[in-house]
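One structure is given here, and the rest of the page talks about it.
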Amino acid sequence: MGLNSFASLAPLEPLIDKCVHCGFCLPTCPSYILTGQEMDSPRGRIHMMKAGVEGRPGMTAMTDVMVAHFDSCLGCMACETACPSGVRYAPLIEETRAAIEHHHPRPLGDRLFRRMLFWLLPYPARLRLFALPLGFINTLRDRQSLLSLLPLRLRNLIALAPDARHTQAAGAVPERTAAQGTPRLRAGFVTGCVQQVFFGHVNEATVRVLAAEGCDVLAPPAQGCCGALALHSGQDHDARHFARKLIETFERVDVDVVVVNAAGCGSSMKTYGELFRDDPAWAQRAQAFSAKVRDVTEVLAGLDGARAPRHRIDARVAYHDACHLGHAQGIRQQPRDLLAAIPGVTLVPVADGEICCGSAGIFNLVQPEMASELGRRKAANIAEAKPDIVATTNPGCMLQINAAARAAGDVRPIVHVIEILDASIRNVERAFQAR
């Protein structure tokens, strides 16, 4: 008998068995909504996991068909929110994806494309080199006749690319930013990879707001990737490598909390304990680090009252729940409360707000057709709400929604929640720019 590709899931069989196949997850699952295929739903994938772990005939080896069903999962965790049985789907899909990467040979083109992404995305210095031709890419987006000649994945990369102006304008945040007034919290700040290079203005706004609210902010310059993209894509060895480096970096600074402003990064950092559950040398250190991790909206909402005055911003704001903040971390109300506390801001609801926008880590890069359809739906629902500004908490969501809205000719500012808070605190009289 050959090697069982699902063997690594055996310790998670109790989690698999919690699924009673009730179907509550189906209307919340983006891939099932689009395909209508049972095996593209959480319960369908869990059925395949169980069959594989039990060694049923024909189910022990990862076939192309099986892998396609697992690849269609966005990892948005909407199923966890909907599940009445409390199934923890995140560790199941992450372990399955790791098994795929270890045991299933992908086609050469797919393998090379993924390798290119992971050679580039977790490394800020390499991303900065990639950012150099963004001005040309921004121009190329307007030349549809040329774009149509390019392969789909390359067209998709061009559509998602951020605006070069923001990349060039932002610099590195200071290693230490003192609190305004009496300090009430020492906050370590994770600057990120994509966030640092393409959304440096969000990092700058984050530091300003934290300092204005009485936080000493420490941003170690030596920090690197948190490993979120690798973890969500089955690259578990790389994820652990990046996680160890980040843990070591923040062990060298004395902070009360570790603040992150990218939802996908925060959700992974909070699960480092599980990532190192079988590593005696790192399990306790990982758990101690994870216990300190907080989303920036979580930190600000948890302070004992706002210290910095909020100035008026007259705007209708549509808040988009990033899946890895709302579903994975259970943080939904805090961003809304922070926005609602700004004089003049009116929050407007978005239909099907719990459905993923299609970003999902590298999903919109490796599954462009499905991601584009989800992005189109999200952009249409946002447009129907008629907001002046769209706010969210994750760089991937910002890029995805912006690309979909631009394709629909409905360009409006799409910003991080922290940018609106920053503008209110600084009383900046400016219109947010569409990106």
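The values are calculated or read from the model by the stated rules, or taken from the named source; none is laboratory data. Being a predicted model, the structure only gives us computed values, none of them experimental. Every residue, glycine as well, gets a Cβ built from its backbone with ideal geometry; the counts of neighbours run over all protein chains shown. Quick note on the areas: whole protein, heavy atoms, side chains included, nothing else; ligands and nucleic acids left out. Shrake-Rupley method; radii C 1.70, N 1.55, O 1.52, S 1.80 Å.
Odds and ends about this structure:
- Qualifying residue in the stretch 97-118 (condition: part of a helix (DSSP H, G or I), within 17 Å of residue 235 (Cα to Cα) and touching a Cys at 6+ places or on another chain (Cβ under 9 Å)): yes
- As a summary of the residue check, residue 332 satisfies the conditions (1) without any contact (Cβ under 8 Å) to a residue 40 or more places away in the chain; (2) surrounded by fewer than 22 Cβ atoms within 10 Å (Cβ to Cβ); (3) over 15 Å from the mean Cα position of the chain (by Cα) except for the one numbered (3).
- Between 209, 259, the distinction of being buried (at least 24 other Cβ atoms within 10 Å of the Cβ), among the hydrophobic types (A, V, I, L, M, F, W, C) and closer than 24 Å to residue 127 by Cβ belongs to 259 only.
- The lone criterion from (1) farther than 24 Å from residue 427 by Cβ; (2) in contact with a Pro (Cβ under 7 Å, 6 or more places away or on another chain) left unmet by residue 295 is number (2).
- Those residues of the stretch 39-74 which are open to solvent by 20 Å² or more (accessible area, probe 1.4 Å), of a type in the set (Val, Ile, Thr) and either part of a loop (DSSP other than H, G, I, E, B) or without any contact (Cβ under 8 Å) to a residue 40 or more places away in the chain (or both), in sequence order: 60, 63, 65
- Cβ-Cβ under 8 Å pairs, at least 6 apart or on other chains, the stretch 374-393 side farther than 19 Å from residue 333 by Cα and in contact (Cβ under 8 Å) with a residue 40 or more places away in the chain, far side part of a helix (DSSP H, G or I) and not hydrophobic (A, V, I, L, M, F, W, C): 374/30; 378/400
- Residues of the stretch 1-25 satisfying the condition of being part of a helix (DSSP H, G or I), touching a residue at least 12 places away in the same chain (Cβ under 8 Å) and either farther than 17 Å from residue 61 by Cα or of a type in the set (S, T, N, Q) (or both): 8, 12, 13, 15, 16, 17
- Check on residue 77, within 24 Å of the chain's Cα centre (by Cα) and open to solvent by 40 Å² or more (accessible area, probe 1.4 Å): no
- Selection status of residue 5, more than 16 Å from residue 355 (Cβ to Cβ), hydroxyl-bearing (Ser, Thr, Tyr) and either open to solvent by 50 Å² or more (accessible area, probe 1.4 Å) or touching a Ser or Thr at 6+ places or on another chain (Cβ under 7 Å) (or both): yes
- The number of residues in the stretch 366-396 that are closer than 17 Å to residue 156 by Cα, in contact with a Lys or Arg (Cβ under 9 Å, 6 or more places away or on another chain) and crowded, with 22+ Cβ neighbours inside 10 Å comes to 1.
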